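Contents: one structure, followed by commentary.
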Amino acid sequence: MESIFLELSAIIVTSTALALVAKAIKQPIILAFIGTGIILGPVGLNIIQSRELIDVLSSFGIALLLYIVGIELDIKKLKALSWPTLLAGFGQILGTGFVGWLVAFMLGFSVIEAWFIAITLTLSSTTIVVKLLSEKRQLESLYGRITVSMLLLQDFAAILALLLLESFADLSGQTIPWLALGALAGKTILIAALAYVLAKFVFKRIFLFIGRSQELLFLWSIAWCVLFAAIAVLWHYPMAISVFFAGLAIGSLDYNYEIAARIRSLRDFFIVIFFTFLGSQLVLNLNERLLTSAVILSLFVLDGNPIIVFIILRLVRHHERTAF
């Protein structure tokens, strides 16, 4: 118990000190949190030992982050994005994935390894991007809503891709896991429907009772988020998508902005833990071949991926500024 307390204390103190430095040199505070993980992790001082507990706490940060995003996003505005945004999302996944596979294959990776790398290059971190958009207060902007839509589409596509790659990993000619894919689609429909029905017929009525008590409102809001996070864990479903549905379902209720405001400070604390844990997992002992490949693939992500997204968004007739 004492060691856990000391580890959390070290994380908070170190991340605060580095955050002050990041603020002074006008850098994103997220870099300070990742730096904290590197300093306190195995690469540095090796202070973080309770990895399982830290991992659980970081999961709370992800859940609360996507939960608040769901609360703050107006579902009517998401509907207004319609097919052009969906086409842009699918186009980005296919375009980046195909070009990324070619680059990886030309670097000497096997066919299966190149596909895994291509999927990795295609995906962006929903947690990091949403955190940056929240800091800039751009979640409600047009490009912010398009970005979040594309990120959630990427999360869903990643699960489908991993199911397919897992079935072909040994090149033994296995069939496509239609049952697993159908189960994933079924879980998505069930969780979305459950969130909608409970929010409309249960949560809305309970609000009339708990709305006068700030403590009850806060606790109930946390319980709602944790409930859908637990459902995701029990059903082996992506937690980020599940809690996003939970937030989206109550986003149209009267107390949505008050709920988001009260949870935001709690989210910020757990997000510090998440990025610290992320930094502590970084492995820096790369050999020359891997380092060269990492540099080339990183340049593709930094330069090639934005060009692909820009072209696709222009093709579906988004404004130049929005696409950029």
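See the values below:
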| item | result |
| --- | --- |
| Failed criterion for residue 93 (all others in (1) at pLDDT 80 or above; (2) farther than 30 Å from residue 272 by Cβ; (3) open to solvent by 60 Å² or more (accessible area, probe 1.4 Å) hold) | (3) |
| Pairs, first closer than 12 Å to residue 253 by Cβ and among the aromatic types (Phe, Trp, Tyr) in the stretch 193-204, second open to solvent by less than 50 Å² (accessible area, probe 1.4 Å) and at pLDDT 85 or above, C-beta under 6 Å, six or more apart | none |
| Count of the stretch 96-106 residues which are open to solvent by less than 50 Å² (accessible area, probe 1.4 Å) and not hydroxyl-bearing (Ser, Thr, Tyr) | 5 |
| Selection status of residue 187, of a type in the set (Lys, Arg), open to solvent by 40 Å² or more (accessible area, probe 1.4 Å) and under 21 Å from residue 157 (Cβ atoms) | yes |
| Some residue of the stretch 69-78 being open to solvent by 10 Å² or more (accessible area, probe 1.4 Å), modelled with pLDDT under 80, aliphatic (A, V, I, L, M) and assigned to a helix (DSSP H, G or I) | yes |
| Answer from 273, 231, 241, 259 - the residue that is under 23 Å from residue 11 (Cβ atoms), in a helix (DSSP H, G or I), open to solvent by less than 70 Å² (accessible area, probe 1.4 Å) and touching a helix residue (DSSP H, G or I) at 6+ places or on another chain (Cβ under 8 Å) | 273 |
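Residues checked against (1) open to solvent by less than 30 Å² (accessible area, probe 1.4 Å); (2) part of a helix (DSSP H, G or I); (3) modelled with pLDDT of 75 or more; (4) in contact with a His (Cβ under 6 Å, 6 or more places away or on another chain):
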| residue | (1), (2), (3), (4) |
| --- | --- |
| 116 | no, yes, yes, no |
| 127 | yes, yes, no, no |
| 147 | no, yes, yes, no |
| 158 | yes, yes, no, no |
| 175 | no, no, no, no |
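The rows are residues; the columns are (1) open to solvent by less than 30 Å² (accessible area, probe 1.4 Å); (2) of a type in the set (A, V, I, L, M, F, W, C); (3) in a helix (DSSP H, G or I).
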position	(1), (2), (3)
21	no, yes, yes
39	no, yes, yes
54	yes, yes, yes
108	no, no, no
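The values are calculated or read from the model by the stated rules, or taken from the named source; none is laboratory data. In this text the structure is predicted, and so the values were computed from the model without any measurement. In this analysis, Cβ positions are derived from the backbone assuming ideal geometry, glycine residues included, and neighbour counts consider all displayed protein chains. In case anyone asks, the SASA skips ligands and DNA or RNA and just uses the protein heavy atoms, side chains included. Shrake-Rupley method; radii C 1.70, N 1.55, O 1.52, S 1.80 Å.
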